[in-house]
Amino acid sequence: MRKEPSSSQELRKSDDARGMPRRIALVRREAPAQLLEDRSELVTTAPHLLLREVIVFQICVIVLAIVSILFDAPLEGIADPEHTPNPAKAPWYFLGLQELLHYFPPIVAGVLIPGLVVLAIGVMPYFRVNWESTGLYEQPWKKTIALVSGIVAVSVVIFVIFHTWVVLVPTLVIYGLMILPGLPFCPARLRGVLGRVHLADWIMTWFVIVAILLTLTGVFFRGPGWSFVWPWQGGTQ
Amino acid sequence: MKLEKMITGSRVWRSIVRHGVEPTNRNRVLTVVQNVFLHLHSAKVRRRNLEFSSTYYLGAVSLILFAILVGTGIVLMIYYHPSVPQAYNDMKELKFVVGSGMFLRNMHRWAAHGMVIVVFLHLLRVFYHRAYKPPREFNWVVGIVLLLMTLLLSYTGYLLPWDQLAFWAVSVGTNMVKAVPVLGDRIRYLLLGGNVVGESALLRFYVLHCVILPLALTIGVGVHLWRVRKDGSVAGSSGRKRG
Ligand code: HEM
């Protein structure tokens, strides 16, 4: 017994195993025809890609071997719970977080901020605004800038209250660059370049710069009691 | 040449590699399609995506570093005991007794730091090329999980030398876990096998670092690469806006 389509709206599907499906082209919004046209020649993976991968592998091994001959992995004295080094630092990739811990309460710096960052980056591709291929100023931008300005204003107040200068300064610099194309005195060339930058890129670039600055501060500029030191002033007590 | 022909023409060879070795396009395709490892690749790739600026080979380098870490890590396991104070003594032994022991440890350590950096750079490459756009959005999420696992791998490994650096870095880090509302203390207890970083913590970190996380990452990378192929091979830089 064949099941008939319940409504005439539904596509008629053939159950005939010997039949050939008819091909139709489906162009979705996410993959505009313009993108589909952007096709170049196909070459075989073997050897074209495989050879390159082998070369990349060899470069990796050689570079690592050279680094390993030149620099030894650190080893300090045996672990001693009685003797706390000052400062006690996490591995470098967590020092940005540890630096935040210096400014904000643990629940904010240790849980809320990293949690929200991971969540935001994780769900980012599911939002259409992040798929756009037009720059911030190549579309109606006044509302977006107003919204961003509001968020930046609130953040600035927070950063000032908590003395978070390492975050405040890059935030203001990036915000300045971002609103520049909208200002009347902006040179046309600069407006062309900056105006093409997409909103998602502004946000990500801001995040990356802040993350790098926080990490560098934690690695190089923090001494006993998490006080500010210059890198050459020596490490732990 | 004759010897090569004899080998590649032999019954044994042909039972392993079924396709011929003549440089025909058919054989080139079969090389990939008929090999369980290589077939994570698509049989053909766009020439544009072979350009360096398309992927900067950052995903490939992430995988290569992971492979180097597994290789050196397994050898290191031969010389390592996850107990106090033997773990620390083993570090000394690697340096002063084991032939090329320090070199081995260095390779493992620098590859680990390198992997954290390279995986992050790979994320940035994918981001700025808009290579996360549908249909690749789920693979981006898989990537995030891989990044977190990479960080955890690096972090659990950090404790294993059992020196001051290791001990206090992990103490500082696991103290942050306390800040998690309600469950903080319990998660920390589960992680450390106690209320302080001690021998049980070393053993737990060892099991996580040498078994659970590498296995999870291997499976995760498998899914990731399979998805790359299923999502139509790499987007490369084609999503990037060109002026
Ligand atoms: C252990 C970590 C990882 C490994 C071994 C890995 C490996 C790879 C490889 C080999 C590719 C093929 C093309 C390329 O080299 O770019 C790739 C593509 C991709 N990766 Fe990863 N990856 C890792 C982590 C990540 C992370 C952290 C993200 C982002 C959150 C990510 C998202 C993607 C996406 C979306 C693609 C498709 C890119 C395109 O189509 O151009 N991966 N990955």
*Using the structure shown, select from A:Lys89/B:Lys133; A:Lys89/B:Lys178; B:Lys133/B:Lys178; B:Lys133/B:Lys230; B:Lys92/B:Lys178 the pairs with a Cα to Cα distance greater than 26 angstrom.*
A:Lys89/B:Lys133; B:Lys133/B:Lys178; B:Lys92/B:Lys178
*Using a/c under 1.5 as the rounded threshold, could you call chain B rounded, prolate or oblate? The axes a ≥ b ≥ c are square roots of the C-alpha gyration tensor eigenvalues, and prolate needs a/b larger than b/c, oblate otherwise.*
oblate
*Would you mind ranking B:Phe37, A:Phe127, A:Phe221, A:Phe159 so that the residue whose beta carbon has the fewest other beta carbons within 10 Å leads the list?*
B:Phe37, A:Phe127, A:Phe221, A:Phe159
*How well do other chains shield peptide B:127-140, expressed as the mean number of their Cβ atoms within 10 Å of each residue Cβ?*
5
*Classify the protein assembly as shown as rounded, prolate or oblate from the Cα gyration tensor: take a ≥ b ≥ c as the square roots of its eigenvalues, call it rounded if a/c is under 1.5, otherwise prolate when a/b beats b/c and oblate if not.*
oblate
*segment A:84-237: C-alpha gyration tensor shape, a/c 1.5 cut-off, then a/b vs b/c*: prolate
*If you line up the long axis of helix B:213-230 against the longest principal axis of chain B, both from Cα atoms, how many degrees apart are they, to the nearest 10?*
30 degrees
*Average partner coverage of A:186-198, which counts Cβ from other chains inside 10 Å*: 1
*Distance from a point 7 Å along Cα→Cβ of A:Val208 to each backbone N in segment B:105-137: keep the residues under 13 Å and list them by number.*
B:118-131
*In the neighborhood of B:Glu22, defined by Cβ-to-Cβ distances under 15 Å, what is the net charge if each Lys or Arg adds +1 and each Asp or Glu adds -1?*
+4
*Among B:Val97, B:Val221, B:Val17, whose mean-square fluctuation peaks in a Gaussian network model of chain B (Cα, cutoff 10 Å)?*
B:Val17
*Which value at 222 nm does the protein assembly as shown reach when only helices count, each DSSP H run of 4 or more adding -39,500 (n - 2.57), with the total divided by all residues and rounded to the nearest 500 deg cm²/dmol?*
-18500 deg cm²/dmol
_Cα lying deepest toward the dipole's positive end in chain B, options B:Gly184, B:Leu65, B:Trp168, charges on Cβ_ = B:Leu65
*Considering the dipole of the protein assembly as shown built from charges on the beta carbon (Lys and Arg +1, Asp and Glu -1) around the Cα centre, which of A:Ile179, A:Phe162, B:Cys210 is farthest to its positive end?*
A:Ile179
*Using 0.36 nm per residue of separation minus the Cα-Cα distance, give me the extension gain between B:Leu215 and B:Asn195 in nm, one decimal.*
4.5 nm
*Among B:Met91, B:Asn139, B:Val119, which residue has its Cα positioned farthest towards the positive end of the charge dipole of segment B:70-174, with +1 placed on the Cβ of Lys and Arg, -1 on the Cβ of Asp and Glu, and the dipole taken about the Cα centre?*
B:Asn139
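Every number here is computed from the coordinates shown, using simple stated rules; none is lab data. If you're wondering where the values come from, they're calculated on a predicted model, not measured in any experiment. For neighbour counting, all protein chains shown are included, and Cβ atoms are generated from backbone atoms with ideal geometry for every residue, glycine included.
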